[in-house]
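Notes follow the structure.
The values are calculated or read from the model by the stated rules, or taken from the named source; none is laboratory data. All values reported here derive from a predicted model rather than from experimental measurement. Methodologically, a virtual Cβ is constructed for each residue, glycine included, from the backbone with ideal geometry; neighbour enumeration extends over all protein chains shown.
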Amino acid sequence: MADERAETNREMWDELASIHPETDFYDVNGFLAGESTLHEPERDHLGDVAGESLVHLQCHIGLDTLSWAREGADAVGVDFAPEAIAAARDIADEAAVDAEFVCCSVDEAPETLDREFDVVFTSYGALVWLPDIEAWARTVAALLRPGGRLCLAEFHPVTDVFDVAFEPERSYFDGGARRFEGTGSYADPDADTDHNVSYEWTHGLGEVCTALVNAGLSIERVSEYPYTFFERFEGMVRDDRGRYRIGDGRPEIPLVYAISANEPRRDRKQR
């Protein structure tokens, strides 16, 4: 069943990858003009990547991968949707940015890439598409060289408790698959789409941290942020830096989190 759901998701992401490069949400023209798609949490946690090898898991159309490449990383983007990889390569060519893009699933990445990296990067809206967070963490560990580091920047799972009106609608601890059905895309709600079913899995912050520890990584830092980068809930307020906060006198909750972890083991044979 998990494989069937993954294939359903892949079909949806293939279609979205043909739509997203033309949307204002992704602003490819802005990127081509020199803008970066990276945000404060990942910059704060990862810092300078010049001269380092970096693999970006679930890269979609590659804008974050290419932004890291512009900052000097030897960057590789991985995604399971062929159309997303094709779009990423097209953008890389148009921007004249040197980066590699490989089509495979997260689980297939260690064998497909057959190399280790200084940095594994995963960001915003990636983990909900993975049913097995322990398998993801093992993939991260397998891709990191000894002493390498992970930067995960994600939407906080507590946000999945609320509906768009910021009213609680489900348990934080409900980690089972959720089925969604509807037309359009978060980047273009009016898009006429054919693949309108998807499946998501919420992974709590404790679950993610535990998976990384179980995979042999050492967690260095966990940060939570009271802002996000789009209007997740109705009535959000945009601050002078373009970030969205809960606003309207309502209590703030963490909307984004970031984790830094490293691969401390020098002897890979100990795994």
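Points to keep in mind about this one:
- Residues within segment 98-127 that are buried (at least 18 other Cβ atoms within 10 Å of the Cβ), over 15 Å from Glu263 (Cβ atoms), of a type in the set (A, V, I, L, M) and touching a Ser or Thr at 6+ places or on another chain (Cβ under 9 Å), tallied: 4
- Against the conditions (1) among the aliphatic types (A, V, I, L, M); (2) surrounded by 23 or more Cβ atoms within 10 Å (Cβ to Cβ); (3) in a helix (DSSP H, G or I), Ala153 satisfies every one except (3).
- Any hit, segment 75-91, residues being of a type outside the set (Val, Ile, Thr), within 18 Å of the chain's Cα centre (by Cα) and surrounded by fewer than 18 Cβ atoms within 10 Å (Cβ to Cβ): yes
- From the list Thr122, Thr139, the lone residue that is modelled with pLDDT of 95 or more, more than 14 Å from the chain's Cα centre (by Cα) and among the polar types (S, T, N, Q) is Thr139.
- Qualifying positions in segment 32-57 - more than 25 Å from Glu224 (Cα to Cα) and outside any loop (DSSP other than H, G, I, E, B): Leu32, Ser53
- The set of residues in segment 205-226 being surrounded by 15 or more Cβ atoms within 10 Å (Cβ to Cβ) and under 14 Å from Ala137 (Cβ atoms) consists of Leu205, Glu207, Val208, Cys209, Thr210, Ala211, Leu212, Ala215, Gly216, Leu217, Ile219.
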